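Below is one structure, written out as C-alpha cells; comments come after it.
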Amino acid sequence: MIKPLRKAVLPVAGLGTRFLPATKAMPKEMLPVVDKPLIQYAVDEARAAGIEQFCMVTGRGKTALIDHFDIAFELEATLAERGKRDALVLLREEAMPPGSITTVRQQVPLGLGHAIWCARAFIGDDAFAILLPDDLVLSRTPCMQQLADVYHETGGNVVAVAEVPHEQTNRYGILDIGHTEGNRVEVKGLVEKPAPKDAPSNLSVIGRYILLPEVVTFLSQMERGAGNEVQLTDAMAKMIGHAPFHGLKFEGKRFDCGDKIGFLEAQIAFALSRPDLAPAVRDFLKLYANI
C-alpha cells in the first residue's frame, strides 16, 4: 500500500555565505525572486502537490522564515485602512493554516543528511518530501507535483534529476541508472560528487525528493561521507533494492539560487514568465544585449 504524501522537510540552516553581506542579518531563503522569497516558492510548490505539514530545519538567525508565514495583524490592518485590497488578498491567499509549520534546530553543520535526521520525529513512519529552497524550478506543472504523480503510481523513492556537464559531476550526487521509460529512470546506484572519470552518468539529483521513512534508519548511523559530512545521498543509496527507486527527468528549468549567476538568471526568467512584467523586462534587456 502506497502511503499518502502529506509531509515536507525544508532544510534551511545554511549560512548563505556566498551572498554576504545581503545575508548577514537575513536568511538566504528570504532572498526574493521578483516579489516572493525563495522559501515561499518552495512551500507553494509543495502545497500544490497536496502537502499539508512542513518542518523547517533551521539554525540561529532564521526567525524571519517563521515570521514570514505568521499572520501580520498590524500590516493587514494598515492595508485594510488604506484600501489596498489586492495586497491584502495576496497575503491572505498565501496564509498557512495554524499548526502546519514546525521547526527543529540543526545545532551543528554536519550536512544535508544530518539536517534530515534532525527532523526524524516529524517524519515518523510517513513518506515525506524534501525541498531545497536554493533549487528553484520554473515549470508548467510544479516539480513536486510531477514527482508526486510518479510516487502515487510506483511507490518507493522518487528524486528529481537533471543532466549536468560531465566535467561538473564532482559537484553533485550522480545516478547509476538502469531501465529507462520515457522521462523516468530506474536508480541502480548513487554516488556523491564523483570525479568525472568515475561518474556512472551525468544525471544529477536536484533539490526535490520523495523518500520513505526508512532513510532515517540509515542516517541515524551518522556515517561521514564526502566533505566529512553525513550525506543524504549515501543513505539513499542503501535503500536501493529494498523498495522502488526512480529518478524523474522533470519538465521545467532549474535555477541554482545558491549561486549568484543562477539567482540572477532566475530573476529574469521568472519576470519574463509573468504577463504583468514581461514586456517591460524585454524592453530593458535590449539596452544590455550588446554588452
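Listed by first and then second residue, the pairs with beta-carbon distance under 6 Å, at least 6 apart or on different chains, first residue in region 88-110 and in a helix (DSSP H, G or I), second surrounded by 13 or more Cβ atoms within 10 Å (Cβ to Cβ) and at pLDDT below 90, form an empty list.
Each residue in region 9-39 was checked for being surrounded by fewer than 19 Cβ atoms within 10 Å (Cβ to Cβ) and either among the polar types (S, T, N, Q) or assigned to a strand (DSSP E or B) (or both), and 4 of them qualify.
For region 177-191, a residue qualifies if it is in contact (Cβ under 8 Å) with a residue 24 or more places away in the chain and over 19 Å from Arg254 (Cβ atoms), and the qualifying residues are Glu186, Lys188, Gly189, Val191.
In region 271-291, the residues that are in contact (Cβ under 8 Å) with a residue 12 or more places away in the chain reach residues that are of a type outside the set (Ser, Thr, Tyr) and in a loop (DSSP other than H, G, I, E, B) with C-beta atoms within less than 6 angstrom, at least six apart or across chains, in these pairs: Ala271/Val34; Ala271/Leu277. Residues to consider are Leu5, Leu38, Leu31; find the one that is more than 30 Å from Ala280 (Cα to Cα) and under 18 Å from the mean Cα position of the chain (by Cα). None of the other options fit; the residue is Leu5. Considering only residues in region 211-233 that are more than 16 Å from Pro109 (Cα to Cα) and at pLDDT 90 or above, the one that is surrounded by the fewest Cβ atoms within 10 Å (Cβ to Cβ) turns out to be Thr217. One residue is enough: does region 43-59 have a residue meeting the conditions modelled with pLDDT of 90 or more, under 30 Å from Asp149 (Cβ atoms), buried (at least 17 other Cβ atoms within 10 Å of the Cβ) and of a type in the set (Gly, Ala, Ser)? Among the residues of region 43-59, at least one is modelled with pLDDT of 90 or more, under 30 Å from Asp149 (Cβ atoms), buried (at least 17 other Cβ atoms within 10 Å of the Cβ) and of a type in the set (Gly, Ala, Ser), which makes the answer yes.
For first residues located in region 150-176 and without any contact (Cβ under 8 Å) to a residue 12 or more places away in the chain, partners that are surrounded by fewer than 17 Cβ atoms within 10 Å (Cβ to Cβ) and of a type in the set (D, E, K, R) and lie 6+ apart or on another chain with Cβ distances below 8 Å do not occur.
Is it the case that Arg6 is surrounded by 13 or more Cβ atoms within 10 Å (Cβ to Cβ), touching a Gly at 6+ places or on another chain (Cβ under 9 Å), charged (D, E, K, R) and closer than 21 Å to Met144 by Cα? Yes: the conditions hold for Arg6.
The values are calculated or read from the model by the stated rules, or taken from the named source; none is laboratory data. None of these values were measured; they are calculated from a predicted model. Positions of Cβ are backbone-derived with ideal geometry, glycine not excepted, and every protein chain shown enters the neighbour counts.
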